[in-house]
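First comes the structure, then the notes that go with it.
Read the figures in this text as sums done on the coordinates, not as results from a lab. What you see is a predicted model; the values in this text were computed from it and never measured. Please note: Cβ atoms are built from the backbone with ideal geometry, for glycine as well, and neighbour counts cover all protein chains shown.
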Amino acid sequence: KANDPDRRRAAKASLSIAVSRQDRSGEALKLIDDLDVSALPAAMRHGVWRGETAIRRADGTEIPTSQVILAHRDENGQLEFTSTIIRDISTLKAAERALQQSEQRFRSVVESCPMGIHRYRLEDDGRLIFEGANPAADRILGVDHLRLLGSTIEHAFPALVSTEVPDRYRDVAAGGQP
């Protein structure tokens, strides 16, 4: 609908958002997400849009950002203007990448370890849920642990019910100390 006033306002808004600005160091920044394709129309339909975007420095470096776009309407419901809040999430993204790399290294160590290792998740209600085992555990116990995934420790290993093992595992999982 070419004559739709909200559509014309969205086009103007998308142009104003794409205008470059400077960061604190004076370096030119430019929003690189194609906001007029999805974010602006969504904000105009729903009143708000939240998501991750990026800004590109003049040297081409991308800065990951979290962005909120708000559509401001008059008392008749007509779009008056849009506003946006953009937050640099570079540190958060770097931490996420570091965590993923650490988890990958941990998985690699566990998977290649010659000792059998079981992994459990402690639920809020105290249940220990079997999440997996390394290949050595399969080999040592002669069990395909895949069929036990999602089971409680007591269901997966009934012989442990009358022992202190499940409670000791819970204590370690809850407090981090043996």
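Give me a count of the residues in region 135-166 that are surrounded by fewer than 11 Cβ atoms within 10 Å (Cβ to Cβ) and either acidic (Asp, Glu) or over 31 Å from the mean Cα position of the chain (by Cα) (or both). Spell out the reasoning first.
Taking region 135-166 and keeping what is surrounded by fewer than 11 Cβ atoms within 10 Å (Cβ to Cβ), we get 142, 144, 146-147, 158-159, 162-164.
Those left that are additionally either acidic (Asp, Glu) or over 31 Å from the mean Cα position of the chain (by Cα) (or both): 142, 144, 158-159, 162-164.
Residues that pass the stated criteria total 7.
For Leu79, which of the numbered conditions (1) closer than 30 Å to Met44 by Cβ; (2) within 31 Å of the chain's Cα centre (by Cα); (3) surrounded by 14 or more Cβ atoms within 10 Å (Cβ to Cβ) fails to hold?
In the conditions (1) closer than 30 Å to Met44 by Cβ; (2) within 31 Å of the chain's Cα centre (by Cα); (3) surrounded by 14 or more Cβ atoms within 10 Å (Cβ to Cβ), Leu79 misses (2) alone.
Name the residue that is nearest to Glu52 (Cα to Cα), counting only residues in region 67-79 that are free of Cβ contacts under 8 Å to residues at least 60 places away in the same chain and in a strand (DSSP E or B).
Quick first cut of region 67-79, residues free of Cβ contacts under 8 Å to residues at least 60 places away in the same chain only: 67-77.
Among the residues that remain, those that are also in a strand (DSSP E or B) are: 67-73.
On the way: Gln67: 6, Val68: 9, Ile69: 11, Leu70: 15, Ala71: 18, His72: 21, Arg73: 24 Å.
Going through the qualifying residues, I end up with Gln67.
Taking the residues in region 59-76 that are of a type in the set (D, E, K, R) and exposed (fewer than 11 other Cβ atoms within 10 Å of the Cβ) as candidates, determine which candidate is nearest to the chain's Cα centre (by Cα).
Let us first name the residues in region 59-76 that are of a type in the set (D, E, K, R), namely 59, 62, 73-75.
Keeping just the survivors that are exposed (fewer than 11 other Cβ atoms within 10 Å of the Cβ) gives 59, 74-75.
On the way: Asp59: 28, Asp74: 35, Glu75: 37 Å.
Step by step, filter region 59-76, then rank; the result is Asp59.
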